[in-house]
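Take a look at the structure below.
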Amino acid sequence: MNSKTMAVVKREYLTRVKKKGFVIGTLLLPLLLVMVFGGVFIFGRFFKPASKDLVVVDETGRIYTEFTRLLPDTLRSGEPMFRFQEYDLGKQDLAAVRSELNNKVMDKQIDAYLIIPQDVIDSRMVTFSSRNLTDYEEQEKLQRALSRVVSNLRLEDKGFPAEVIREEMNLGQVWLEGIQVTQKGEVKGSGIANYLLTYLLSYVLMLFIMVYGQMVTRSVIEEKSQRITETIISSIKPIELMLGKLVGICLVGITQLLVIVGFIYAFTVYGDDLLAKAGVQVPELLNIIQNLRFTPVVFVFFLLFFLMGYLLYAVLFAAIGAMVNTDDEGQQFLAPVVILNILSFFIMFSVAKNPDTPSALWASLFPFFTPVVMFSRIAASAPALPSGAIISLFTTAAAIYLLLLVTAKIYRVGILMYGKKPSLKEAWKWLKY
Amino acid sequence: MKIVEAQDICKQFGQLRAVDNISFSLEAGQVHGMLGPNGAGKTTTIRMLMNIIIPDSGKISLFGQKNSANQNHRIGYLPEERGIYRKMRVNDVLLFLGELKGMKGKKAQAAIDGLLERLELMEWKRKKVEELSKGMQQKLQMIATVMSEPELMILDEPFLGLDPINTNLIKELILEQKKKGNTIIFSTHEMDNAERLCDTILLIDHGQKILDGQIGEVKKQFGSRSIQLSYTGKPDFLQNSQVIEKFDDFGNYVELELKPGADPQEFLQSIVREVRINRFELMEPSLNDIFISSVQRHRQGEENHE
């Protein structure tokens, strides 16, 4: 890189980093990210606070007490998760009781009811009636408790003493401990933390590629619309100007990333002490962030893929900037490129869950998807590397190079074209200049 | 040494022949004026010199070399489309543009300070460009062009929109660069400035070269045939002379034009026998006259041609 290009790099970098908006934005962004992802958790809390009124019709008369004893779960507010009421069936007709309870459900006097039939020990079938059945976690909880009670009763009926059963059942409780098998041996894993890390970082990656890519477009349009290009171009070749711009803005992005990652890192190390000194209780979410395995490998790939993703998209963004005269005109050309980037984010969702499938591999090798999708595979499989990780660096680099050859020509002609916005056909003609 | 040579350059935009087969060569160390009415093709020619647009045909060489892109650091360019980063501070913009020309550190700052002082912009040094008036922005851009003291300066309409005081400041800058041995090319349609500054002129109209050459030569070519004459005696000779093309009698004096090829000296000898001469002056036409008459003649020629 020659000294002229360096001068452009310096200008593009300093004019942006010195802006108040950049300083404020950089400091606020980590907070914003925590809010976006914390929001998911916090919303979950807001929407799940109410206790449920659950009527239990126990035709056997043997199940209710033990069943409710097994479900002492409370909500975060301290309220019980379920408020059980036993329905005294007496001599009433079951059908009549059903319609009475149905009415209560519809009138929202109760949330749901269970009918445990006389022969439940043999039929093993209980009905659960509710206004909606979307909360499958809740139904699983009920099902688990009922299964336990019925199993116990069956054992009791076979002659085992109730206390022995209860004790054995508790002792027989099994926990799954997640261990990830990698080339570096076994690693203890926390599913949720790893998941969150993958999403969070992939999101940041996509966001940064888009924000900084579009910054390139705006920078090119600024020079065009303010008629600066001709002055500059008398001192520097278009390709040098373009490279200087790409690198300068890239460094701004990396600066911001390092600050943010530094924050996250500092938090995982010193966060506890700080919060303890401040007398703040550590919320669960922050605990999870502290458990993130932001390993050096993940970090290096994060920077590498930001670099490559940014360059890949930015050369396109630069060409778009050169083709138009105003930000508004740029929008319609930008849209397909932005959608391509967002698409990679959606693909990431399914790939991060199953990073080892062939389709995940192929999706992550398509250059425009590679940065976000391949990174998500790397983060999900960390500390091991998924297949194709190293290859993807080369394929992306090749794609950047090829794209640069094409866009540099469009850029060279476009930056000096004022007035009419060119059609794609004309842009094609520029390639042959 | 020829610093700029253009050979049969042509440029067409759609139906318009913006530059039509123009050739010229410019000597180093002089001030060259490119003259022509609006839309004559001056800016297109300049842009081709700057390698911003490529001629459809013809050859251009700067400093005796074909590819001018590699000569950029030796050229200072003031484009017609002026623009400068509006959000940057005056000093930062100049440092940046200086760096693009290879100027750095204290040397660059010293050059900037000197020029800001001379062009009366010192108090604006730390202000943002957008706070400057249009005239000030133009001076700022002139500083950017001159600061590296390039061997060749190409200025597209450097006086456009400037008041007489600022016009003078820019003229001084141009002449100073000439004294240092640098070459200046500028375009204008104001003949006054051209007449005072230029060593040579290149007159363009409708994309075609009408005339070019050293300004003295051009004037001689046009002016040797115009004469102001004041005499005592009979005016018969005006009618009788074979060499007079036309004349205007203003009473106190006569303005007359000789036929092409006629020698004013011989004409003078022939009339001293008939009348008493009080004043005999060979008129130099102003550049303005040359400009107007040659553009008109050229356009008539074009029409006849069609």
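Every number here is computed from the coordinates shown, using simple stated rules; none is lab data. Predicted, not measured: the structure shown is a model, and the values here were computed from it. Quick reminder, even Gly has a Cβ in these numbers, built from the backbone with ideal geometry, and neighbours come from all protein chains shown.
Classify the range A:50-166 as rounded, prolate or oblate from the Cα gyration tensor: take a ≥ b ≥ c as the square roots of its eigenvalues, call it rounded if a/c is under 1.5, otherwise prolate when a/b beats b/c and oblate if not.
Values: a/c = 2.05, a/b = 1.26, b/c = 1.63.
It is oblate, given that a/c is not under 1.5 and a/b is not larger than b/c.
Within 10 Å of each Cβ in A:230-243, how many Cβ atoms from other chains are there, averaged over the peptide? Don't skip to the answer; put the middle values down first.
Working: counts 11, 14, 7, 8, 18, 14, 5, 4, 1, 0, 1, 1, 0, 0.
Per-residue shielding by partner chains comes out at 6.
Return the tail of the calculated pair distribution for the range A:338-383, meaning the percent of Cα-Cα pairs more than 15 Å apart. Don't skip to the answer; put the middle values down first.
Working: 300 of 1035 pairs.
That tail contains 29 percent of the Cα-Cα pairs.
So, with +1 on the Cβ of K and R and -1 on the Cβ of D and E, and no other charges, what is the size of the charge dipole of the protein assembly as shown about its Cα centre, to the nearest 20 debye?
Details: 84 positive and 82 negative charges, 285 e Å.
The calculated dipole for the protein assembly as shown is roughly 1380 debye.
I want the local charge near B:LYS59. Using Cβ-Cβ distances under 15 Å, sum +1 for each Lys or Arg and -1 for each Asp or Glu among the other residues. Don't skip to the answer; put the middle values down first.
Values: positive: B:LYS2, B:LYS11, B:LYS66; negative: B:GLU5, B:ASP8, B:ASP56.
Summing Lys and Arg as +1 and Asp and Glu as -1 gives 0.
If the reach is capped at under 16 angstrom between alpha carbons, list the lysines near A:LYS141, excluding any in the same chain fewer than eight residues apart.
A:LYS48, A:LYS52
What is the log10 of I(q)/I(0) for the range A:62-129, computed with the Debye formula using one identical point scatterer on each Cα and no solvent, at q = 0.16, 0.27 Å⁻¹?
So the normalised log intensities work out to -0.68, -1.36.
Report, in degrees rounded to the nearest 10, the 0 to 90 angle that the Cα long axis of helix B:164-179 makes with the longest principal axis of chain B.
So the inclination is approximately 90 degrees.
Could you sort out which of B:LYS11/B:LYS125; A:LYS4/B:LYS171; B:LYS11/B:LYS101; B:LYS104/B:LYS127; B:LYS104/B:LYS171 sit more than 32 Å apart by Cα distance in this structure?
Details: B:LYS11/B:LYS125 41 Å; A:LYS4/B:LYS171 30 Å; B:LYS11/B:LYS101 29 Å; B:LYS104/B:LYS127 21 Å; B:LYS104/B:LYS171 27 Å.
Flagged as over cut-off: B:LYS11/B:LYS125.
Taking only Cα atoms of the range B:112-174, what ratio of Rg to Rh do you get with Rh as the Kirkwood inverse-distance radius?
On the way: Rg = 11.2 Å, Rh = 12.1 Å.
Rg divided by Rh gives 0.93.
Translational diffusion coefficient of the protein assembly as shown at 4 °C, 1.567 mPa s, Stokes-Einstein with Kirkwood Rh over Cα pairs, in µm²/s as a whole number. Intermediate results must be reported in sequence, preceding the final value.
Working: Rh = 33.7 Å.
Approximately 38 µm²/s, per Stokes-Einstein.
Below 8 Å, C-alpha to C-alpha, sequence gap of six or more: please give me the relative contact order for the range A:50-166 in percent. Please report the intermediate quantities before stating the final value.
Values: 134 pairs, mean separation 33.8, N = 117.
After rounding, I find 29 percent.
Using only the alpha-carbon atoms of the range B:1-94, report the extent along each of the three principal axes, biggest first, to the nearest angstrom.
The principal-axis extents, from largest down, are 43, 35, 23 Å.
Ignore the peptide's own chain and count Cβ atoms of other chains within 10 Å of each Cβ in A:4-11; give me the average, rounded. Kindly include the intermediate steps, with their values, before the conclusion.
Values: counts 6, 1, 1, 9, 3, 0, 3, 9.
Whole-number average of other-chain Cβ neighbours for A:4-11 is 4.
Take the Cα atoms of chain B, find their three principal axes, and give me the spread along each one in whole Å, biggest first.
Rounded to whole Å, the extents work out to 75, 43, 33 Å.
Using the crude model of +1 on Lys and Arg Cβ and -1 on Asp and Glu Cβ, and no other charge, please compute the dipole size for the range A:50-166 relative to its Cα centre, in debye to 20. It would help to have the intermediate numbers written out before the result.
Values: 17 positive and 21 negative charges, 38 e Å.
My answer is approximately 180 debye.
Kindly rank A:317-324, B:170-177 from highest to lowest mean number of other beta carbons found within 10 Å of each residue.
Working: A:317-324: 27.6, B:170-177: 17.8.
Averaged packing, sorted descending, gives the order A:317-324, B:170-177.
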